[in-house]
Amino acid sequence: MKAPSEPAPAIALSGLNLSLGSDAARVHILKDINLNIGRGEAIGLVGPSGSGKSTLLMVMAGLERADTGTVKVADENLRELSEDELARFRGRNIGIVFQSFHLIPTMTALENVAVPLELAGIDDALDRARAELDLVGLSHRLHHYPAQMSGGEQQRVAVARALAPNPSILVADEPTGNLDEDTGRQIVELLFAGYEKHGATLVLVTHDPALAQKCGRVVRLRSGHIVDGHA
């Protein structure tokens, strides 16, 4: 009897290289990266500043294009997609939380969370956005603008926005970097609760060793190379 084949990884990177800049200022950021991340896995990406971890996260999210290699995410080869196709792919599959929130200042919390749902053509976008904001404890802030909210509240909106489309992959780049310790801890709890609720794959860039250890596997980068956590 033939053994069942293992499911494809949520993220599979092979022979990945990426350089930024031009001519004499060109810098080789990612060097021969090979990494598989299983479906439902939580990965902590760590390393010194300049090691390439945020750039690697952006490649996984389709926000940076590699020069060479294969970038397969949710069964899609991202290097074969046009910019429009990449945008649609992200909308369907990837939730992103940035260090600096990246909310639209002219939109309320409710509108910020509803935007990706509306772009995906979801009919009950406002209802779903309202429910997601309730889950992160912001039902009383639906009609407030980012400038009217604290940093912690803005990051809660960003977490709700990332989770609202029910993504299969959740990526977060230093999500607690601009927050005090207590607020950061609350954001981490919300991120992990959302990751578990949605059955997503989580990739988290952090300088915080304790936060990285909350993940099932820690992947360390140094000078653009993965030095630990390949498996």
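The values are calculated or read from the model by the stated rules, or taken from the named source; none is laboratory data. Bear in mind that the values here come from a model prediction, so they are computed numbers and not experimental data. Neighbour counts run over all protein chains shown; Cβ positions are idealised from the backbone, glycine included. To get the accessible areas, we keep the full protein, side chains included, count just its heavy atoms, and leave off ligands, DNA and RNA. Shrake-Rupley method; radii C 1.70, N 1.55, O 1.52, S 1.80 Å.
Electrostatic tally near residue 100: other residues with Cβ closer than 12 Å to its Cβ, Lys and Arg +1, Asp and Glu -1, net -2. Here segment 173-216 has 45 percent of its accessible surface on carbon and sulfur atoms, given a 1.4 Å probe and all protein chains in place. Around the amide H of residue 68, modelled in the peptide plane, lie the amide H atoms of 17, all under 5 Å away and 5 or more residues distant in sequence or on another chain. For the chain, the dipole from Cβ point charges (+1 on Lys and Arg, -1 on Asp and Glu) about the Cα centre works out to 500 debye, to the nearest 20. Computed extension length for residue 83-residue 140: 16.8 nm, one decimal, from 0.36 nm per residue of separation with the Cα-Cα distance subtracted. Between segment 1-66 and segment 173-204, the alpha-carbon centres lie 20 Å apart. For segment 41-97, the fraction of 1.4 Å probe accessible surface lying on carbon and sulfur atoms is 43 percent. In segment 97-138, taking the dipole from charged Cβ atoms about the Cα centre, the farthest positive-side position among 122, 106, 133 is held by 106. About its Cα centre, the dipole of segment 137-181 is roughly 280 debye, where the only charges are +1 on Lys and Arg Cβ and -1 on Asp and Glu Cβ. Between residue 20 and residue 49, full extension at 0.36 nm per residue minus the direct alpha carbon distance yields a gain of 8.8 nm. For segment 117-157, the calculated P(r), taken from all Cα-Cα distances in 10 Å bins from zero up to the bin holding the longest distance, is 29, 49, 21, 0 percent. Is the shape of segment 112-231 rounded, prolate or oblate, going by the alpha carbon gyration tensor and its root eigenvalues a ≥ b ≥ c, with a/c under 1.5 for rounded and a/b larger than b/c for prolate? Prolate. For the chain, the solvent-accessible area of protein heavy atoms averages 49 Å² per residue (probe radius 1.4 Å; ligands and nucleic acids excluded).
Close amide H partners of residue 97, meaning residues 5 or more places away or on another chain with modelled amide H under 5 Å apart, are 171, 172, 173.
Computed from phi, the 3J(HN,Hα) profile of segment 193-199 under the Karplus parametrisation 6.51, -1.76, 1.60 (θ = phi - 60°) reads 5, x, 4, 6, 4, 8, x Hz, with x in place of Gly and Pro.
Other residues with beta-carbon under 9 Å from the beta-carbon of residue 152 carry, at +1 per Lys or Arg and -1 per Asp or Glu, a net charge of -2.
Each other residue within a Cβ distance under 13 Å of residue 18 adds +1 if Lys or Arg and -1 if Asp or Glu, for a net charge of +2.
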